[in-house]
Each structure stands twice: as structure tokens, then as C-alpha cells.
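Working notes for the structure below.
All of the numbers you see were taken from the coordinates with simple rules; none came from a lab. These numbers were taken from a predicted model, which means no experiment stands behind them. In this analysis, Cβ positions are derived from the backbone assuming ideal geometry, glycine residues included, and neighbour counts consider all displayed protein chains.
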Amino acid sequence: MKKDRDLKLQNYNISPNRYRELKFFCKQYREKQLQLRSITELSSPVFGSMGGGGKTSDRTADTAIKKAQLERDISIIEQSAIEADSEIYQYIITNVVDGIPYQHLGAPCSSSTFKRRKKFFFILLDNKKS
């Protein structure tokens, strides 16, 4: 398989390092989906001092916060792909998240159209993550 090349997005004020940050954020998409599905344990708050700071531990709140963050991360990836092109967003997600090359996707568009939409996806994602 061909090595996935970095997109050139400097014209859109996205540095190569920022692009890689966004790319690897997307690579965590499947992990985040699994983590979200596995969050089923809710418990009552534990009152009392934890450590020395007088803080209390609330596992239910911690779980809710983690769940909300995972949902937000998944949502911004999906929404960015949908906004980039609602007809081929699944192909964009599969390409970016799983690294499946365009040639193996079976996307109903040309390679150049796909590349433009993928660039637009990263521009939208950058705006949402900023």
C-alpha cells in the first residue's frame, strides 16, 4: 500500500505540524467510538477527602465528562466530513480515519474532487478544534 502523504495546507494557515495533529486526532476516531460504547458504569458519588486538597471524587460526574468529551470529538470529525461533502462524507472518514487509499474506497467522485473535499474537511476540522 502507498504511504499516506501529508496534505499541503499552508495556504489555509494550517502548518504541517497542525495538519499532523489533526490527522492523528482523526486516527483516534475508532478508539473513541469503542471507549464511548464501553462507558456504561455509573456509580454514586464518593464523598470525602481524596489526597490532600479537600477534593471529592464523583465517578458519575467524571464518567459524564469523559462521555461528553468523546461524543464531542466524534461529532466534530463527523460534522466536518458532512460539511465538506454530505454525499461522500463516509468515504472521507474512512480515508482519514482508517487510512484506506482513495483507489480502494470506491468513492463516487474523481480523485481530484475527493482530494479537494478532503482538504476542505481538514480546514473545517481545524476551525472546529481551534
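Taking the number of Cβ atoms within 10 Å of each Cβ as an exposure proxy, the fewest-first ranking of F25, F121, F114 is F25, F114, F121. Going from the residue with the fewest nearby Cβ atoms within 10 Å to the one with the most, R5, R37 rank R5, R37. Working value for the range 10-129: equivalent-ellipsoid semi-axes of 37, 16, 11 Å, each the square root of 5 times a Cα gyration tensor eigenvalue, largest first.
With both labels modelled 7 Å from their Cα along Cα-to-Cβ, the F25 to H104 distance reads 2.6 nm.
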